[in-house]
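Here's the structure, in structure tokens; my notes come after.
The values are calculated or read from the model by the stated rules, or taken from the named source; none is laboratory data. Please read these numbers as outputs of a predicted model, since none were measured by experiment. Counting neighbours? That spans all protein chains shown, and the Cβs are built from the backbone with ideal geometry, glycine included.
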Amino acid sequence: MTILAEIVEYKQSLLQNGYYQDKLNTLKSVKIQNKKSFINAIEKEPKLAIIAEIKSKSPTVNDLPERDLSQQISDYEKYGANAVSIFN
């Protein structure tokens with residue numbers, strides 16, 4: 001089995017087990033004070049725009065610590081992130 005086939009099989013199992021739906025439900029419940037589009041957030045900034053990242057899984061790190069998504073987004077906003085990119 002190729003690595004690509006393994007990834008597809010793994011992602012399909014996550015879909016079937018509701019993993020992504022749970023993440024989407026969590027994301028929908030996060031209250032963000034100032035929602036704006038990703039493009040508007042980075043184009044509006046005259047200086048370098050900061051895109052913060054949230055990852056729940058990583059191919060190089062086995063166990064990423066579980067975080068409070070709402071608090072993490074609030075912290076990113078508080079410390080100047082212009083946009084947040086969320087990877088599952």
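List of remarks:
- Number of the condition not met by Ile42 [criteria: (1) in contact with a strand residue (DSSP E or B) (Cβ under 7 Å, 6 or more places away or on another chain); (2) within 30 Å of Glu6 (Cβ to Cβ); (3) modelled with pLDDT under 75]: (2)
- The set of residues in the stretch 2-33 that are at pLDDT 85 or above and touching a helix residue (DSSP H, G or I) at 6+ places or on another chain (Cβ under 8 Å) contains only Leu14.
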